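> Structure below; questions to follow.
Rule-based calculations on the coordinates, nothing more; no lab input. Predicted, not measured: the structure shown is a model, and the values here were computed from it. Neighbour counts run over all protein chains shown; Cβ positions are idealised from the backbone, glycine included.
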Ligand code: MEV
């Protein structure tokens, strides 16, 4: 048990851990190597979280050639997984001359919840909706002023009985429009202010009869089913002729629809299929400083909205031979607030995207998800994903073996038609190093 750890400075924390783990100063070399050379930038990053000892670097990549609603984008992606960026870039390029991605946003409303116990001797809170709404709106006049000036709003008050939890358990759900910010802090501040106001109102209105009232908790809901974006790609099936060697366009499209239909009915496939969508989505969400846990949790909950977890995307071929692949997904994100402007790389990402507003960013994110999904399913029905994966995998193994440029080129040629494994690559490198020593003798 360590007491008061959070109160220590960074070096003191490091010393404390060194004592506890018997680390030498050199054990920290790697951590220190990734400290930012500019003190001010490191201080900024330290401020994002708690107990920060260093920075955990991930690759910052771009996928060019995305055409979304007739506008070209170079999309920033942060991911540790090889092939994700290559796959998204391939799909972007492929759809570029097929009119690209068509995207729409069907809503941007978020929800907050105040959970409370209602006094048993009072009639339902539904009977006091007008008074409660008036009082709660009044309580947030100053907290919400800025947001309202920017075009935001609060409304749509709904009481929900949760008597399966406890007989007098209720929830007040409130809708929030937070414009270009995700609005998590704003919504939570409003909810806490409103919960206090509700408590004061009930005591003042019902005096002793209000005994039993209790605010259980108030928090935004990440289930943002009214904050949704749609993305689609479409072309005549004949455009797929030859996309897979020796396969005509209609056959390709039918195999593709079949693959997506499997993910509609089979949860084991659906989770992997949707993971492929989030390969794209989460990479852009991270690159723009947004909350990937929020986007992923609502995405998966939405995928299970019918009571069964299904694919987030659907594919079909119309009677007149048009292939349509589409995605409809909730996501609450922002282009202002949070880390979006504070994190220098997130700010750069938004600049690279042309400083989009929130609805434009939602479209960009959804298009990247659909692109990743298209590339993955195409690879799966066209002979598997390993061929593509292995090139980067091989490259990583060669770096780990400190291979020279010449050794790398030789290995790439050698493994072009062979199975890549760490053992096989090490043996191959050992062999060519032994041979070159022999030649040098
Ligand atoms: C790997 O990160 C993602 C895939 O498994 C997605 C899919 O199977 O559709 C290739």
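> Compute the FRET efficiency between residue 405 and residue 434 as 1/(1 + (r/R0)^6), taking r as their Cβ-Cβ distance and R0 = 25 Å, and round to the nearest 0.05.
Values: r = 19 Å, r/R0 = 0.76.
Using R0 = 25 Å, I get an efficiency of 0.85.
> Spin-label point model (7 Å from Cα, Cβ direction): what's the residue 98 to residue 262 distance in nm?
Going from the residue 98 label point to the residue 262 one covers 2.0 nm.
> OK, next. Tell me whether the range 110-221 comes out rounded, prolate or oblate; compute the Cα gyration tensor, take square roots of the eigenvalues as a ≥ b ≥ c, and use a/c under 1.5 as the rounded threshold. Could the numbers behind the result be given before it?
Details: a/c = 2.34, a/b = 1.72, b/c = 1.36.
Prolate.
> How far apart, in nanometres, would the label points at residue 306 and residue 423 be if each is projected 7 angstrom from Cα along the Cα-to-Cβ direction?
For residue 306 paired with residue 423, the spin-label model returns 4.5 nm.
> Oh, and also: Please give the helix 267-287 orientation as an angle from the longest Cα principal axis of the chain, in degrees from 0 to 90, rounded to the nearest 10.
90 degrees
> Could you check how many percent of all C-alpha pairs in the range 389-439 are farther apart than 12 Å? It would help to have the intermediate numbers written out before the result.
Numbers: 760 of 1275 pairs.
Of all Cα-Cα pairs in the range 389-439, 60 percent lie more than 12 Å apart.
> Then there's this: So what's the Cα pair-distance distribution over the chain, bin width 20 Å, in %?
20, 43, 30, 6, 1
> What percent does the relative contact order of the chain come to when contacts are Cα pairs within less than 8 Å and at least six residues apart? Intermediate results must be reported in sequence, preceding the final value.
On the way: 690 pairs, mean separation 75.9, N = 441.
The value is 17 percent.
> On full extension of the chain, what length is gained from residue 245 through residue 44, given 0.36 nm per residue of separation minus the C-alpha to C-alpha distance? Kindly include the intermediate steps, with their values, before the conclusion.
On the way: separation 201, 0.36 × 201 = 72.36 nm, distance 5.14 nm.
That works out to 67.2 nm of additional length.
> Okay, moving on. Compute log10 of I(q)/I(0) for the range 278-400 with the Debye formula, placing one identical point scatterer on every Cα and leaving out solvent, at q = 0.12, 0.18, 0.20 Å⁻¹, to two decimals.
Cα-only, vacuum Debye calculation for the range 278-400: -0.59, -1.05, -1.13.
> If I fit a long axis through the Cα atoms of helix 422-440 and take the longest principal axis of the Cα atoms of the chain, what angle between them do I get, 0 to 90°, rounded to 10?
The answer is roughly 40 degrees.
> Still on this structure, I have one more. Can you give the translational diffusion coefficient of the range 330-441 in µm²/s, computed by Stokes-Einstein from the Kirkwood radius over Cα pairs at 37 °C and 0.692 mPa s? Intermediate values should be presented prior to the final figure.
Numbers: Rh = 17.9 Å.
Result for D is 183 µm²/s.
> Find the relative contact order for the range 110-221 and round it to a whole percent, using C-alpha pairs within less than 8 Å whose residues are 6+ positions apart. Let's see the in-between values first.
Numbers: 178 pairs, mean separation 52.1, N = 112.
So the answer I get is 47 percent.
> Quick one: Kirkwood hydrodynamic radius for the range 73-131, alpha-carbon pairs, angstrom, one decimal?
Working: mean 1/r = 0.0576 Å⁻¹.
One decimal place: 17.4 Å for the Kirkwood radius.
> Over the alpha carbons of the range 4-116, what is the largest minus smallest coordinate on each principal axis, giving the biggest first in Å?
Projected onto the principal axes, the Cα atoms of the range 4-116 cover 61, 48, 26 Å.
> Round to the nearest 10 and give me the degree value, 0 to 90, for the angle of helix 386-400's Cα axis relative to the longest principal axis of the chain.
80 degrees
> What is the range 32-170's relative contact order, in percent, from Cα pairs under 8 angstrom and six or more apart in sequence?
Working: 114 pairs, mean separation 22.5, N = 139.
Relative CO of the range 32-170 lands at 16 percent.
> Residue 341 label point, 7 Å along Cα→Cβ, cut-off 17 Å on backbone N: hits in the range 101-125?
No residue passes the distance filter.
> So what is Rg over Rh here for the range 181-295, counting just Cα atoms and using Kirkwood for Rh?
1.27
> Classify the range 5-46 as rounded, prolate or oblate from the Cα gyration tensor: take a ≥ b ≥ c as the square roots of its eigenvalues, call it rounded if a/c is under 1.5, otherwise prolate when a/b beats b/c and oblate if not. The partial results should precede the final answer.
Working: a/c = 3.67, a/b = 1.43, b/c = 2.56.
Oblate is the answer for the range 5-46, as a/c is 1.5 or above yet b/c matches or exceeds a/b.
> Let a ≥ b ≥ c be the square roots of the eigenvalues of the Cα gyration tensor of the range 295-338; is it rounded (a/c under 1.5), or, if not, prolate (a/b larger than b/c) or oblate?
Values: a/c = 5.25, a/b = 1.67, b/c = 3.14.
Note, shape of the range 295-338 comes out oblate.
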